[in-house]
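Only the coordinates and a few stated rules stand behind these numbers; no lab work does. Just so it is clear, the structure is predicted and the values come from calculations on it, not from any experiment. Here the Cβ positions follow ideal geometry from the backbone for every residue, glycine too, while neighbour counts run over all protein chains shown.
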Amino acid sequence: MLKGERLIRKVGVRDSVGMILCHDITKVVFGEFKGRAFKKGHRIREEDVDELLKMGKENIYIWENKPGMIHEDESALRIAEVISGDNITYNQPSEGKCTLKSTVKGLFKVNSSLLYEINSVDDITIASLPNDYIVEKDKKLVGARIIPLMTDKKNIERVEELTRIKGPVFEIKPYKKMKIGIITTGNEVFNGLIDDKFGDIIKEKMKYFEAEVVGHTICPDNINMIQEAIVEFIDKKVNMVILTGGMSIDPDDLTPGAIRNSGAKVVTYGAPVQPGNMFMLAYLGEVVLMGVPGAALYYKTTIFDVVLPKIFVGEKMIKDDFVKMGEGGFCLACKVCTYPLCYFTR
């Protein structure tokens, strides 16, 4: 961390030999390179002058001590320290910016109102991935810096005050270890007229969360048998039961009724998200019950994929969570699915 509080002074490049830079200088070569050409603390040499001029730098900046001002590197460090929550780390400043990264695989959470408030402070800029972004370990999450090379210390102190009162802006919620039961419904599958495809799809998705699938039951279109299958999984102490098939409003589709009759509290049956309109979420005590519509057979990404990370980090979802999904809830069904690198449900 820099010592003291300083102000910068501009010096012409041609008069700068022997002076020490107080900031990184970035070089950009179109289509080839963008990065640091001269590092803060570099002492300017005769041979550097031509290079700096070619980069469009007519002036460089040196420090002068002045009370009440903080350099961009110290500012970035102080900001990064207070906005970083659980399972987040950050690097030393480069070109005046600290980058925050995830230390675990999980769900990126943003205190959006606090981020807005901090970005409203003079000179402060914090750019992040969106809330509820699915991230891997070492994923870049946030860039934090000030706009000028120096800022009034009251601006940094304001950021520190806000986070002291309201907590960090960002955190990563890691996925919990869960036991899963899968129930496929439908006479056509139960009687062997067609092969079950749902089971393999669900099991593959569970691998990402390192979940333990304790069983897979195939039931006919019989509401009592579906209920019994739910109870059997509850007795096996699962954390979640995923039911596939029979999720439409057709009278022969009995899965929603079986979920209701199990005694579960239904959060939603239907959501403003396509694909996956007929999705159902319910809670039987602490056990999550999900009814997954047929769209999951045909589309790589549906509402099921949006909800799963939230459940695996231990969030208790409410009706309003689904209502809010309407904006952004229309999937474009791209030929190559890039989710979560898109705006689906964001």
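Please report how far the C-alpha centroid of the stretch 113-127 lies from that of the stretch 205-254, rounded to the nearest whole angstrom. With the stretch 113-127 and the stretch 205-254 each reduced to a Cα centre, they are spaced 45 Å. The simple spin-label model puts a point 7 Å past each Cα toward its Cβ; for Val104 and Val17 those points are separated by 5.7 nm. Residues Cys331, Cys219 in ascending order of nearby Cβ atoms (within 10 Å, fewest first): Cys331, Cys219. A simple spin-label model places pseudo-atoms 7 Å from Cα toward Cβ; at Lys27 and Asp195 they are separated by 5.8 nm. Would you mind counting up the charge near Ala127? Only other residues with Cβ under 10 Å from its Cβ, with Lys and Arg at +1 and Asp and Glu at -1. Summing Lys and Arg as +1 and Asp and Glu as -1 gives +2.
Work out the charge dipole of the chain with +1 on the Cβ of Lys and Arg and -1 on the Cβ of Asp and Glu about the Cα centre, then indicate which of Ile223, Ser262, Pro309 is farthest towards its positive end. Final value for the positive-end residue is Pro309.
Can you give the FRET efficiency for Asn59 and Leu341, using 1/(1 + (r/R0)^6), R0 = 35 Å, r = Cβ-Cβ distance, to the nearest 0.05? For R0 = 35 Å, the calculated efficiency reads 0.30.
Both numbers refer to the Cα atoms of the stretch 6-65; Rg and Dmax are 11.5, 39 Å. When you have a sec, figure out the Kirkwood radius of the stretch 69-173 from all distinct Cα pair distances and drop it here in Å to one decimal? Evaluated over the stretch 69-173, this radius sits at 13.4 Å. Each peptide among 35-48, 160-173, 281-294, 127-140 gets the average number of other Cβ atoms lying within 10 Å of its residues, and from highest to lowest they stand as 281-294, 160-173, 127-140, 35-48.
Calculate the dipole size of the chain relative to its Cα centre from +1 charges on Lys and Arg beta carbons and -1 charges on Asp and Glu beta carbons; express the result in debye to the nearest 20.
That gives the chain a dipole magnitude of about 1000 debye.
For the pair Leu297 and Asn222, label points projected 7 Å from Cα toward Cβ lie 2.2 nm apart. Taking the Cα centre of the stretch 179-326 as origin, sum charge times position over the Cβ atoms of Lys and Arg (+1) and Asp and Glu (-1), and report the length of that vector in debye to the nearest 20. Rounded to the nearest 20 debye, it is 520 debye. Our coupling estimate for the stretch 124-140, obtained by passing each phi through the Karplus curve with A = 6.51, B = -1.76, C = 1.60 and θ = phi - 60°, is 8, 9, 10, 10, 9, 5, x, 4, 6, 7, 7, 10, 9, 4, 6, 5, 6 Hz, Gly and Pro reported as x. If you look at the Cα atoms of the chain, you get an Rg and a Dmax of 27.3, 88 Å.
Once fully extended, how much extra length lies between Lys310 and Phe330, figured as 0.36 nm per residue of separation less the alpha-carbon to alpha-carbon distance? Spell out each step's value before the answer.
Numbers: separation 20, 0.36 × 20 = 7.20 nm, distance 1.94 nm.
Using 0.36 nm per residue and subtracting the Cα-Cα distance, I get 5.3 nm.
A dipole drawn for the chain from +1 and -1 charges on Cβ atoms has a positive end, and of Ile242, Ile88, Gly294 the residue lying farthest that way is Ile88.
Name the shape class, rounded, prolate or oblate, that the alpha-carbon gyration tensor gives for the stretch 179-326, where a ≥ b ≥ c are the square roots of its eigenvalues, rounded holds for a/c under 1.5, and otherwise prolate holds if a/b is larger than b/c and oblate otherwise. Can you show the working numbers first?
Values: a/c = 1.26, a/b = 1.19, b/c = 1.06.
The shape class here is rounded.
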